[in-house]
Amino acid sequence: MRIVMEEAGVEYRIASQRPIRTPFDTATACAQMAANETEAFCVVLLNAKSGMIASEVVTTGILDASLVHPREVFRRAIAANASAIVLAHNHPSGDITPSAEDLRITRQLIEAGRIIDIKVVDHVIIGIGPSGGLVFASLREKGLCQF
């Protein structure tokens, strides 16, 4: 289901309020972008009970990079009245090892979220592994950022 917020002209994919509590939940919610040939950066909007309000691809990039700005990420969260967000993006190569740029943007978004009181819960990198299945890595679980 899709809805367009007329005031902001922003389109969201509305979810069934299913809870997003684990990196697996995030990976499956964003699995459709795992096989993209270019990087895509998705934000999963959560309510106060970790129910998924919506998910949206914020930016798409080139083969190995996706430019994302806090303004774009949090505009959607504010418009949807989200209390928290989960970040996700794909690595077209299937190598889900976080890059230095992945860590930099994650830290920047965590800090921006603290300022406006929207918690960044995790950042999950997804891809298609050598066997053709969905693979993912959680920056929270790896302890790479202070969420």
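The values are calculated or read from the model by the stated rules, or taken from the named source; none is laboratory data. Only a predicted model underlies this, so the values are computations on that prediction, with no experimental measurement involved. Note: ideal-geometry Cβ built from the backbone for every residue, glycine included; neighbour counts use all protein chains shown.
General remarks:
- For region 18-65, the tally of residues that are of a type in the set (A, V, I, L, M) and not in a strand (DSSP E or B) stands at 9.
- Residue in region 10-28 that is surrounded by 14 or more Cβ atoms within 10 Å (Cβ to Cβ), in contact with a Phe, Trp or Tyr (Cβ under 6 Å, 6 or more places away or on another chain) and modelled with pLDDT under 95 present: no
- Any chance Ile126 is in contact with a Cys (Cβ under 8 Å, 6 or more places away or on another chain), closer than 20 Å to Met33 by Cα, in a strand (DSSP E or B) and of a type in the set (A, V, I, L, M): yes
- Residue that is modelled with the lowest pLDDT [pool: residues in region 69-89 that are crowded, with 21+ Cβ neighbours inside 10 Å and among the β-branched types (Val, Ile, Thr)]: Val73
- Residue selected from region 86-144 under the condition of a type in the set (Ser, Thr, Tyr) and without any contact (Cβ under 8 Å) to a residue 24 or more places away in the chain, by the criterion farthest from Arg21 (Cα to Cα): Ser131
- Thr97 out of contact with any helix residue (DSSP H, G or I) (no Cβ under 6 Å at 6 or more places or on another chain), of a type in the set (Val, Ile, Thr), over 17 Å from Phe147 (Cα atoms) and not in a strand (DSSP E or B): yes
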